Amino acid sequence: MTDHGHPLDDEYVGTSLLPILGVEQLPNHEADALLTSWGHYLGPCARPFGKQSFVLHIDGRPVSMATSASTVSATVRLNDDETLARNEVVELARLCSAPGASDWTRVMLRAWRNLLALSWPHWQVRAAVAYSQNAHHPGHVYRTDGWTKARETKPSGGGGQWSGKRAEGHAAHGVKTLWVWRYEQSTLPAKTTP
């Protein structure tokens, strides 16, 4: 033991078979169950196309989760001068932490943007995007993590190919802010073809 009694010296032998902190891919139906259990205002991510979910756990207990998804729209308009195609981006469709574990949201966001988003299996991404529903949260978690506020969207009433009409009180109704994280092409891992 060190002079300060620190347990991480040469004499320390851990007894747990699980890591103290870990991130792993989670079956989407289990991620949706966490979203429901934890009370996410949008509920499960019911997109019928590409999605991938991850969980952050502490001592084997899930504390935060994130779901990557392809965007609903075929394009993402960042501003009047720039639009990205669906196959250039991955969306952080859900980010949620367990009740009483909100401190882990930022940890999960950072792990998602630096590692998990880049593991998107469908195409190599140039950017990650996320939407904050302004009536529920203004997006501080993205701003303080270094994301760029791209624009505010017009109120969404749904009714497109993948969603039904949304009434005034629906959780997804209203103005959203689009946030973007751009990846430098030199730092992207090369996608390999199986």
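Restricting attention to the stretch 85-95, which residues are aliphatic (A, V, I, L, M) and crowded, with 18+ Cβ neighbours inside 10 Å?
V89, V90, L92, A93, L95
Could you check how many residues of the stretch 111-145 are among the basic types (K, R), under 22 Å from Y41 (Cβ atoms) and open to solvent by 20 Å² or more (accessible area, probe 1.4 Å)?
The qualifying residues number 1.
Can R94 be described as assigned to a loop (DSSP other than H, G, I, E, B), basic (K, R) and closer than 26 Å to W123 by Cβ?
In short, no.
Give the stretch 68-84 a look and list any residue that's in a loop (DSSP other than H, G, I, E, B), touching a residue at least 12 places away in the same chain (Cβ under 8 Å), open to solvent by less than 50 Å² (accessible area, probe 1.4 Å) and not polar (S, T, N, Q), or say none.
L78
The values are calculated or read from the model by the stated rules, or taken from the named source; none is laboratory data. Computed from a prediction, not measured in an experiment: that's the story for all the values here. With ideal geometry, Cβ positions are generated from the backbone for all residues, glycine too; neighbour counts draw on all protein chains shown. SASA here: full protein model, heavy atoms, side chains in, ligands and nucleic acids out. Shrake-Rupley method; radii C 1.70, N 1.55, O 1.52, S 1.80 Å.
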